[in-house]
1. Inside the stretch A:623-643, can you point out the residues that are more than 11 Å from RNA strand B (Cβ to nearest atom) and open to solvent by 30 Å² or more (accessible area, probe 1.4 Å)?
2. Output the residue which, of all residues in the stretch A:677-705 that are of a type in the set (Gly, Ala, Ser) and either assigned to a helix (DSSP H, G or I) or near RNA strand B (Cβ under 9 Å from one of its atoms) (or both), is farthest from the chain's Cα centre (by Cα).
3. Contact list please: Cβ distance under 7 Å, first residue in the stretch A:674-691 and of a type in the set (Gly, Ala, Ser), second residue open to solvent by 40 Å² or more (accessible area, probe 1.4 Å) and more than 7 Å from RNA strand B (Cβ to nearest atom), pairs at least six apart or on different chains.
4. Hey, could you check the stretch A:644-676 for residues that are exposed (fewer than 14 other Cβ atoms within 10 Å of the Cβ) and not in a loop (DSSP other than H, G, I, E, B) and say which is nearest to RNA strand B (Cβ to nearest atom)?
5. Out of curiosity, is residue A:377 more than 40 Å from the chain's Cα centre (by Cα) and either open to solvent by 30 Å² or more (accessible area, probe 1.4 Å) or modelled with pLDDT under 90 (or both)?
6. Please go through (1) more than 14 Å from RNA strand B (Cβ to nearest atom); (2) without any contact (Cβ under 8 Å) to a residue 12 or more places away in the chain for residue A:756 and return the number of the only condition it doesn't satisfy.
7. Checking residue A:546 against (1) open to solvent by 10 Å² or more (accessible area, probe 1.4 Å); (2) of a type in the set (Lys, Arg); (3) under 25 Å from the mean Cα position of the chain (by Cα), which test does it fail?
8. Is there any pair with a first residue in the stretch A:382-394 that is within 14 Å of residue A:254 (Cα to Cα) and a second that is among the aromatic types (Phe, Trp, Tyr) and assigned to a helix (DSSP H, G or I) whose Cβ atoms are under 7 Å apart and which are 6 or more apart or on different chains, and what are they?
Amino acid sequence: MSEAYNHAEIEERWTKEWEKNPVNPYDETKPKYYCLDMFPYPSANGLHVGHWRGYVISDVWSRYMLMKGHYLIHPMGWDAFGLPAENYAIKMGIHPAVSTAENVKNIKRQINQIAAIYDWDREVNTTDPEFYRWTQWIFVQMFKKGLAYEKEMPINWCPSCKTGLANEEVVNGKCERCGADVTKKNLKQWMLKITAYADRLLEGLDGLDWPEKVKKMQSDWIGRSYGAEVDFKVDGRDETITVYTTRPDTLFGATFMVLAPEHELSADLATEETREAVEKYIADAANKSNVDRLQNKEKTGVFTGSYALNPLNGAKIPIWLSDYVLADYGTGAIMCVPAHDDRDFEFAKKFDIPIIQVISKDGKEHGELTEAYTAAEGIMINSGEWNGMESAKLKTEAPHIIEKKGLGHAKKNYKLRDWVFSRQRYWGEPIPIIHCPKCGCVSVPEEELPLLLPDVEKYEPTGTGESPLAAIDSWVNCKCPECGADAKRETNTMPQWAGSSWYFLRYVDNKNDRELVNREQADKYLPVDMYIGGVEHAVLHLLYSRFYTKFLYDIGVVGFEEPFKKLFNQGMVTGKNGVKMSKSLGNVISPDDLVRDYGCDSLRMYELFVGPPELDSEWDDRGIDGVYRFLSKFWNLCMDNIDRNAPETPELKTLRSQLTDTITKRLNAFSLNTVVSGFMEFNNRLGKISAESGVDRETLKTYVFLLAPFAPHIAEELFHRLGGTGSVFSQSWPEADAAALVEETREIAVQVNGKMRGKITIAVDADEATAIAAAKEAAGKWITDNIIKQIYVPGKIVNIVCK
RNA sequence: GCCGGCGUGGCGGAAUUGGCAGACGCCCGGGACUUAAAAUCCCGUGGGAUUAUAUCCCGUACCGGUUCGACCCCGGUCGCCGGCACCA
């Protein structure tokens, strides 16, 4: 009886050995490969099997790159500032610094169970003053370049988290973190001018090897459009109202104008008769929450009593107010062409406003429109000097025509807004700004960074719009670094995204106390080659990181504009019926027990086997038995054959190359679930050969090498039992023998009238006559005398069509 | 509403992108070993018909099309998931 697979003993042995002698040799002579995980925030709940998946995927890929001969960078750190950590700390009554440190310890223990080859000497923590010193430094640089500025305006406010939020953090009118309805609050805020990078953020997407879905989400979020700003005079008054339109070609069809209720002229345009209704409408709109305004699709509006003049033909059009026009996009005012816009059409129908068609497919009018014709395809009509022109062409030319006539100008617009960067919370990086009564806003001198987050007794959010830091007089009161006058510190902190927007740069030079990152180190090891994480950061973290990187490129800190060359989004692991794992639902599956019962190697492989890595997968504990059985069987196969000295037959040589070829191809395609099934399939085939004539050591070795990134412990153990020295991870990735892969004969299917009727084994390059003859023999009983057609696709199929 | 993605056995999922549908695994059933159980090993396992070692029919959400041949391509319908949601 040979020795059975003992995962506990094997894994314990190699965990200790790898601690002493890490398998990543950091060989500087090899080309670098930087494989990055989205770093976790140290939650008190620890990791569940879903978190494991992403880390396993990145570790498999990292170990593969190592064996392919790279200098591997595979770091890990902690995104430890921010709301989740702070909310937990408040709930438990423990200082966030204390709870964060505890959670880091626990999650690090769990992450080590994965046996991932992280570079722990590169570890970073966003709450470490030596780290956030540079987070603050970046802010100071942005401030100096005018990209960080202070502004008072109504911003998104979460009444539950008691802090302002960025647009990106509001999902369907609700707080991205806690789900509470977001309201508006007028606050003086620090803003980052991400809009200055809108074009570069949009155009940079083209060259990225990212999922199309994520690129599209970012491009939609940036939302660039081309059009014109057109000036309309108000009839009988001095004011001019400027509107933004992407369809200046339809200008002759404008039959009314709508202003957002918040527009600065809204109240002013009311006449005596309309004043009461206008003021009521404005007040009602101001009281509506975001959610109400989003949900109420039925158009409402009020006529101001004033008229605007169409700049092209002087037509008098009524000016309305309606909350379907957004105050903070474009100019907050639009010209309305009901014939060619769905929303304007709906509004005109409801309030009985004339509809003038100006584009027609055939250049003719065919009675009243039943719906808006929104395509820019057709011939202009009812449009004065533009009649007869093609609308598509006019659409691009009109902005310039309007500009030449002095009626407005061509204009690009974006949905992207500047980034609301202040948080009225305690657990974040203090914004390094001093408010001086004489000099205004002054940045904290760089040599005084980090500006330490002071210790406080009360770190609960105040809800007043001020951060808890505002209550610490000794900290707030300071001298102006410019003029020495009594001054006050900024008391808001940065959002959680601040640290995560650049942490990946710090990994490559994490102990540098003079610069964010040494330029030489940055040039050598950056950018990130492979970034692995969930899709939930598609527009948040990933957009912010790209913005930061472009800024740091502009000031010469790094020499590249895009931080992440390739992105992979792993799917979520859910509980039964696709329900998200959560503590409150009690469906969280902890990896700890599974590691104990089945071992790390089995859990790693099952995490991959459970489904395609990019799709969500339902966790089913039972499936792990199959993977465990497979590893046991493979272990037994090796035990049975190690000292058997079975000959290396041509069959085994071919099989070994097929295995290498299959696994490598699937791995390269990131089809990790089929890699695992591939291993199983070949294991079954080898089992049969083993029972008959034995398996040679070379084949076993090849198998062990290929298995190593997936099940590192068992592979390392078997590598040594097969006589290997050093580590299996310093071995080269096997290459398939092309000659052994060439088949001479192949079994192909025979179809009659498209139905499978038999199989023949013939030479791969057999000629048609031979193939057809063989096929007729194999499937003769289905073939009649009346053959209409015979098809032979070499190496694939024969199909005989008969009546 | 708009834009993506998806729909294959009891279940998770394969199918080299137009060429043997259901690989691999789970579950389940039968058998071997055992005093017995667990573990392990072997066999079976899409549905149906039938005179059952054989043979035939149906089958990749649904309807239709292209093709010698369709899970794959085209047109339409339904359903699920995700993103955006008055951005003029």
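The values are calculated or read from the model by the stated rules, or taken from the named source; none is laboratory data. Nothing here was measured: the structure is a model prediction, and the numbers come from that model. Virtual Cβ from ideal backbone geometry, glycine too; neighbours counted across all protein chains shown. When the accessible area is computed, the model is the full protein with side chains, heavy atoms only, and any ligands, DNA or RNA have been set aside. Shrake-Rupley method; radii C 1.70, N 1.55, O 1.52, S 1.80 Å.
1. Narrowing the stretch A:623-643 to residues more than 11 Å from RNA strand B (Cβ to nearest atom): A:638-643.
Result: A:639, A:640, A:643.
2. Of the residues in the stretch A:677-705, the ones of a type in the set (Gly, Ala, Ser) are A:677-678, A:687, A:690-691, A:693-694.
Still in the running and either assigned to a helix (DSSP H, G or I) or near RNA strand B (Cβ under 9 Å from one of its atoms) (or both): A:677-678, A:687, A:690-691.
Details: A:677: 29, A:678: 30, A:687: 43, A:690: 47, A:691: 49 Å.
This residue is A:691.
3. Partner pairs satisfying both residue conditions: A:678/A:666; A:690/A:640.
4. The qualifying residue nearest to RNA strand B (Cβ to nearest atom) is A:668.
5. no
6. Here residue A:756 clears every test but (1).
7. Unmet for residue A:546, out of (1) open to solvent by 10 Å² or more (accessible area, probe 1.4 Å); (2) of a type in the set (Lys, Arg); (3) under 25 Å from the mean Cα position of the chain (by Cα): (1).
8. Once the first residue is within 14 Å of residue A:254 (Cα to Cα) and sits in the stretch A:382-394, its partners that are among the aromatic types (Phe, Trp, Tyr) and assigned to a helix (DSSP H, G or I) give A:382/A:252; A:383/A:252; A:384/A:252.
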